[in-house]
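Worksheet: the structure to be examined is printed underneath.
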Amino acid sequence: MKIKFVGILGLFVLSSCGQSKKETASASDCDSTLTYDSSIKTIVNTNCVGCHGAGSSNGNFSTLALLQADKADVYSEVASGSMPKGNSAFKDSADGRSLKAWLSCSTLK
């Protein structure tokens, strides 16, 4: 009985490995002074659209509407340091903080 319990517990622990917690935006982090046209568009064009532009099968963030449709996933990827690829420091940069603060707003403008 004890061996079965340990075996089941081991399987549970192993199955939970590799599952990462998605980072989510908090409304309290919102910076409503940021707008897509004033600063976010440049940040996204510089850091995202090279891989996530028109015709991309990995998401298209080339317009406000398209970016807004994936805002939770974009926030999670940036906040975790997964995106932009090869630039894990982006999340803590001024542009990364601005993008996260803008994505935290309930309405993106």
Any residue that is free of Cβ contacts under 8 Å to residues at least 40 places away in the same chain, closer than 18 Å to Thr24 by Cα, under 16 Å from the mean Cα position of the chain (by Cα) and surrounded by 19 or more Cβ atoms within 10 Å (Cβ to Cβ) - is there at least one of those in region 63-76?
yes
Only residues that are exposed (fewer than 12 other Cβ atoms within 10 Å of the Cβ), part of a loop (DSSP other than H, G, I, E, B) and modelled with pLDDT under 90: list them for region 23-39, please.
Thr24, Ser26
Can you tell me which residue in region 53-62 is surrounded by the most Cβ atoms within 10 Å (Cβ to Cβ), limited to those that are free of Cβ contacts under 8 Å to residues at least 12 places away in the same chain and out of contact with any Gly (no Cβ under 9 Å at 6 or more places or on another chain)?
Gly53
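Restricted to region 40-65, and to residues that are part of a loop (DSSP other than H, G, I, E, B) and β-branched (Val, Ile, Thr), which residue is nearest to Arg97 (Cα to Cα)?
Step by step, filter region 40-65, then rank; the result is Val49.
The values are calculated or read from the model by the stated rules, or taken from the named source; none is laboratory data. Not measured: the values here are computed from a predicted model. Reconstructed Cβ throughout: ideal geometry from the backbone, glycine too, with neighbour counts over all protein chains shown.
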